[in-house]
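Peer 1: Have a look at the structure that comes next, please.
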């Protein structure tokens, strides 16, 4: 199978972590076809050239890849479907675009350039594991990243392999009265016990080591996932959106969550969690214990994560058949307590916006559903016409 690495970023200014994964592939005897990188702002061509010396780089500039759009039009795909599936007007001065549009540009480029299995990584993950040794110290361990995924992708009914991360959890250590209500309002109640016990572990998650065990899942992690691209013709790629609060756009999280739901409901395919938790340098300064009160970067990241979860949840609940009005009332009541509590705890008035964000997100649900239906129609056309061309090429070769 042709294996490629995929990554999304605003700016490509360093060979990390691409080189780390290339070295890992070489060390364990895996040949890669290419690395496909979607970016929305700037690239350093010296970095591109350096990577190109070792592996072919396929670049996609979001909203501006006329070569790729032309290839799609040549295959009979309408401009409307191209715009719907791949393009996203920049949402702010940072040239932010939705997570799903980023990933779907990588997927499209990978299909057009002959990739069969795409390994998505994020810019802050590395092909190592954090494990506890015999005396309880946390140490780095090497892992055959590609081999672990391929061990399960070899089965015909496995469409996707994925795993969570080792490293600091995205919710940093914290503790205050009203925290349970905050997480209920964010639809993150499952994390409460772990966060409450942060004094024991500082929210550091190790790999399972010898206790590692693969299992069927509906939870996909976008920075540690391998996808058989042919399977997407029967499924759907990533979907996420954005919404506005006080005139500012916020990205919704969960583009990988939606894909996981679709795989789980499909009778012919499975998604396997390979339980191989590669290292996520969540806050960029491991091993420093995250300090959400005094480190502005960590506080910012937590705020935008909260806004992303709130923006995602109405559509996720609709997808799962959860009673929308009932869930909205419950979350609104919880955030009425949790939002001012966390704002006071972190001395940050931005968190007072969470109840309004919840209202805006639910107000936008019908439009998000309309977006999703347009997305499905666009992918149906793109998928069918790419698949027809692929089948035709196979017939000619045979």
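The values are calculated or read from the model by the stated rules, or taken from the named source; none is laboratory data. Computed from a prediction, not measured in an experiment: that's the story for all the values here. All Cβ positions, even for glycine, are placed from backbone atoms using ideal geometry, and neighbour counts span all protein chains on display.
Peer 1: Filter the range 125-171 down to the residues that are out of contact with any strand residue (DSSP E or B) (no Cβ under 8 Å at 6 or more places or on another chain) and over 24 Å from residue 5 (Cβ atoms), then identify the one that is surrounded by the most Cβ atoms within 10 Å (Cβ to Cβ).
Peer 2: 171
Peer 1: Among the residues of the range 325-384, what is the count of those that are within 21 Å of residue 244 (Cβ to Cβ) and either touching a residue at least 12 places away in the same chain (Cβ under 8 Å) or touching a helix residue (DSSP H, G or I) at 6+ places or on another chain (Cβ under 7 Å) (or both)?
Peer 2: 29
Peer 1: If you don't mind, there's one more thing I want to ask. Would you be able to tell me the number of residues in the range 119-146 that are in a loop (DSSP other than H, G, I, E, B) and either modelled with pLDDT under 95 or touching a helix residue (DSSP H, G or I) at 6+ places or on another chain (Cβ under 6 Å) (or both)?
Peer 2: Qualifying residue count, the range 119-146: 5.
Peer 1: On to the next question. Considering each residue of the range 44-96, count those that are touching a strand residue (DSSP E or B) at 6+ places or on another chain (Cβ under 6 Å), within 19 Å of residue 379 (Cα to Cα) and at pLDDT below 95, and give that number.
Peer 2: 0
Peer 1: Then there's this: When the range 1-31 is examined, which residues are found to be in contact with a helix residue (DSSP H, G or I) (Cβ under 8 Å, 6 or more places away or on another chain) and surrounded by 20 or more Cβ atoms within 10 Å (Cβ to Cβ)?
Peer 2: 3, 4, 5, 6, 7, 8, 12, 18, 21, 24, 25
Peer 1: Another question about this same structure. Filter the range 181-218 down to residues that are surrounded by fewer than 18 Cβ atoms within 10 Å (Cβ to Cβ), assigned to a helix (DSSP H, G or I) and in contact (Cβ under 8 Å) with a residue 60 or more places away in the chain, then give me how many there are.
Peer 2: The total comes to 1.
Residue-by-condition table, conditions (1) over 23 Å from residue 138 (Cβ atoms); (2) surrounded by 14 or more Cβ atoms within 10 Å (Cβ to Cβ); (3) at pLDDT 95 or above:
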| position | (1), (2), (3) |
| --- | --- |
| 263 | yes, yes, no |
| 278 | no, yes, yes |
| 282 | no, yes, yes |
| 325 | yes, no, yes |
| 329 | yes, no, yes |
